[in-house]
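Report on the following structure.
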Amino acid sequence: MLPVIYSDEFLMHETGYFHPEKPERLTAIKTILKTVAWADQLDWRSPTPVEQRPEVMAEIERVHTSRYIEAVRQLANRGGGYLDADTPVSPRTFEVALLAVSAWLDGIDHVVQAGSPTFVLARPPGHHAVSDRGMGFCIFSNAAIAAFYALEQPNIQRVAILDWDVHHGNGTQAIVETNPNIAYCSLHESPQYPGTGAASERGFHNNVLNVPMRSGSTITHYRMAFEQAIVPFLKDFQPNVLIISAGYDATDADPLSRVSLYPEDYGFFTQHCLKLTRNVIFGLEGGYNLEALARSVAATIEPCLS
C-alpha cells in the first residue's frame, strides 16, 4: 500500500477562475487515482490537523521570516490579495498552506518510519517561495521545510531534493544550499521563469546540481540527464531520504512550458529514484493541463507498488 496524503481542505486555497494553479488540479488527480486498476493499493490518508501538530509553525519559521509569515496571515485575514502578480491569497490560504506543510511532514514521518514511498497530494505548491516572500504561485517552501524536518529524525544524516518541475525551484535552492547535509538538484527548462538555475550554481558545499533543459527537450534528453548527471550526483551524496518536488508542467500538453515529455515518462523518473532509495516522498508542485497532470501522477506512483 502506498499512502496518498490528501484533504479536501486543499481545495479551499482559491486562486480565481483563470489562474492555472487551481483546485481542479487536485480533483483531476484524485479522480484518476480512484479509477486506475491498482486503486486498491493506495492508502488515502488525511494530513495531521495543524492544531495537533504544534511544530508546524516552528518548522515554517525555520526557513521563512516571521515578518513574511505574518504578512501572509494578515493578507488572508483581510479577505485576500496578491503576494505578487502571479500569487493570489484567498481568505483560507494561510490555514490551507499550514495544512500543506503538515502533510509534507506527515510524508517524511511515513518514509522514515516505514522505509517506503509516499505521495503528498497538497497545494499550494512551494518551490518558488523564498525566505521572505512568496512568488510563482507558491506560499511556503514545502520541500525545504520537509528537508530540514527530516534531518531532525533518528538516523537521518543526509537529505536530497530532486526537483523535476519544468521551472527551477529558486526558493528551495536558496533556502537549502547553505546546509551541507541537504543536496538540491533540478532539471528545468531554460530560458524560463524565474530565470535562475544556471549550471554554474553549485551551492555553498558543492551540494547543488542544476541541469538546464532546452525548449523542445524530450524523454531522450531527460534520460541522458538522469543517467549522466542526476543519478551520479545523488549516488555520490548518498541521501537517507529523497524528496521529490514533483512538478508535471514539462508535459507536451502543458500551457506553461515548451518541453515535450509525456505522462508515462514520469514512471521512468520514479524507477531511477527507487534504485537510489525506497525512502522517497513525492510532493506536488506544478502541472497545469489537467489530463496530463493526472496521468503523470499515476505514472509516477505505479512503479512504487511493485
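The values are calculated or read from the model by the stated rules, or taken from the named source; none is laboratory data. A quick note: this is a predicted structure, and the numbers were derived from the prediction, not measured. Backbone-built Cβ (ideal geometry, glycine too); neighbour counts: all protein chains shown. Just so you know, the surface numbers come from the protein's heavy atoms only, side chains and all, with ligands and any DNA or RNA stripped out. Shrake-Rupley method; radii C 1.70, N 1.55, O 1.52, S 1.80 Å.
Which ones in the stretch 280-306 are open to solvent by 40 Å² or more (accessible area, probe 1.4 Å) and polar (S, T, N, Q)?
Of everything in the stretch 280-306, those that are open to solvent by 40 Å² or more (accessible area, probe 1.4 Å) and polar (S, T, N, Q) turn out to be Asn289, Ser306.
Can you tell which of Thr65, Thr31 is over 26 Å from Ala253 (Cβ atoms), among the β-branched types (Val, Ile, Thr), open to solvent by 40 Å² or more (accessible area, probe 1.4 Å) and in contact (Cβ under 8 Å) with a residue 60 or more places away in the chain? First the steps, then the outcome.
Details: Thr31 fails: over 26 Å from Ala253 (Cβ atoms).
That would be Thr65, the only listed residue that is over 26 Å from Ala253 (Cβ atoms), among the β-branched types (Val, Ile, Thr), open to solvent by 40 Å² or more (accessible area, probe 1.4 Å) and in contact (Cβ under 8 Å) with a residue 60 or more places away in the chain.
If you go through the stretch 236-286 one residue at a time, how many are of a type in the set (Gly, Ala, Ser) and assigned to a strand (DSSP E or B)? Walk me through how you get there before you give the answer.
Our first condition is that a residue be of a type in the set (Gly, Ala, Ser); within the stretch 236-286, this holds for 245-247, 250, 253, 257, 260, 267, 283, 286.
Of the ones still in play, those that are also assigned to a strand (DSSP E or B) are 245-246, 283.
The qualifying residues number 3.
Just to be sure I understand, how many residues within the stretch 1-15 are part of a loop (DSSP other than H, G, I, E, B) and touching a Pro at 6+ places or on another chain (Cβ under 6 Å)?
Keep residues of the stretch 1-15 that are part of a loop (DSSP other than H, G, I, E, B), which gives 1, 6-7, 13-15.
Going one step further and asking which of them are touching a Pro at 6+ places or on another chain (Cβ under 6 Å), we end up with 7, 13, 15.
The number of residues fulfilling the criteria is 3.
Are any residues in the stretch 122-133 in a loop (DSSP other than H, G, I, E, B) and open to solvent by 20 Å² or more (accessible area, probe 1.4 Å), and if so, which ones?
Just the residues of the stretch 122-133 that are in a loop (DSSP other than H, G, I, E, B), to begin with: 122-129, 131-132.
Across the stretch 122-133, the qualifying residues are Ser131, Asp132.
For the stretch 134-163, which residues satisfy the criterion of being in a loop (DSSP other than H, G, I, E, B), in contact (Cβ under 8 Å) with a residue 12 or more places away in the chain and of a type in the set (D, E, K, R)? Full working, then the answer.
From the stretch 134-163, those in a loop (DSSP other than H, G, I, E, B) are 134, 136-137, 139-141, 152-158; that's our starting set.
Subset that is in contact (Cβ under 8 Å) with a residue 12 or more places away in the chain: 134, 136-137, 139-141, 153-158.
Hit for the stretch 134-163 is Arg158, nothing else.
With the requirement that a residue be part of a helix (DSSP H, G or I) and either at positive phi or touching a residue at least 24 places away in the same chain (Cβ under 8 Å) (or both), what does the stretch 16-28 give you? Steps first, answer last, please.
So the first thing to find is which residues in the stretch 16-28 are part of a helix (DSSP H, G or I), and the list is 24-28.
Matches in the stretch 16-28: Glu24, Arg25, Leu26, Ala28.
Given the structure, is Leu162 more than 19 Å from Leu284 (Cβ to Cβ), buried (at least 17 other Cβ atoms within 10 Å of the Cβ) and hydrophobic (A, V, I, L, M, F, W, C)? Give the derivation first.
Details: more than 19 Å from Leu284 (Cβ to Cβ): no; buried (at least 17 other Cβ atoms within 10 Å of the Cβ): yes; hydrophobic (A, V, I, L, M, F, W, C): yes.
Considered against the rule, which asks whether it is more than 19 Å from Leu284 (Cβ to Cβ), buried (at least 17 other Cβ atoms within 10 Å of the Cβ) and hydrophobic (A, V, I, L, M, F, W, C), Leu162 comes out as no.
Just to be sure I understand, how many residues within the stretch 47-64 are part of a loop (DSSP other than H, G, I, E, B) and either of a type in the set (Asp, Glu) or touching a helix residue (DSSP H, G or I) at 6+ places or on another chain (Cβ under 9 Å) (or both)?
Looking only at the stretch 47-64, we keep the residues that are part of a loop (DSSP other than H, G, I, E, B), and these are 47-49, 53-54, 64.
Those still in the list that are either of a type in the set (Asp, Glu) or touching a helix residue (DSSP H, G or I) at 6+ places or on another chain (Cβ under 9 Å) (or both) too: 47-49, 53, 64.
Within the stretch 47-64, residues that are part of a loop (DSSP other than H, G, I, E, B) and either of a type in the set (Asp, Glu) or touching a helix residue (DSSP H, G or I) at 6+ places or on another chain (Cβ under 9 Å) (or both) number 5.
Go through Thr93, Thr65 for me and flag whichever is closer than 18 Å to Leu284 by Cα, modelled with pLDDT of 95 or more and hydroxyl-bearing (Ser, Thr, Tyr). Walk me through how you get there before you give the answer.
Values: Thr65 fails: closer than 18 Å to Leu284 by Cα.
Of the residues listed, the single one that is closer than 18 Å to Leu284 by Cα, modelled with pLDDT of 95 or more and hydroxyl-bearing (Ser, Thr, Tyr) is Thr93.
Among the residues of the stretch 175-226, which ones are part of a loop (DSSP other than H, G, I, E, B) and touching a His at 6+ places or on another chain (Cβ under 7 Å)?
Quick first cut of the stretch 175-226, residues part of a loop (DSSP other than H, G, I, E, B) only: 177-181, 190-207, 214-218.
Result: Pro180, Gln192, Tyr193, Pro194, Thr196, Gly197.
Test each condition in (1) out of contact with any Phe, Trp or Tyr (no Cβ under 9 Å at 6 or more places or on another chain); (2) within 25 Å of Thr270 (Cα to Cα); (3) open to solvent by less than 10 Å² (accessible area, probe 1.4 Å) for Pro117 and report the one that comes out false.
Evaluating Pro117 over (1) out of contact with any Phe, Trp or Tyr (no Cβ under 9 Å at 6 or more places or on another chain); (2) within 25 Å of Thr270 (Cα to Cα); (3) open to solvent by less than 10 Å² (accessible area, probe 1.4 Å) leaves (1) as the failure.
Between a residue in the stretch 81-105 that is in a helix (DSSP H, G or I) and any residue that is open to solvent by 10 Å² or more (accessible area, probe 1.4 Å) and among the aromatic types (Phe, Trp, Tyr), which pairs come within a Cβ distance under 7 Å, given they are 6 or more apart or on different chains?
Leu105/Tyr149
Please enumerate the residues belonging to the stretch 215-265 that are open to solvent by 60 Å² or more (accessible area, probe 1.4 Å) and either modelled with pLDDT under 95 or among the aromatic types (Phe, Trp, Tyr) (or both).
Hit for the stretch 215-265 is Tyr262, nothing else.
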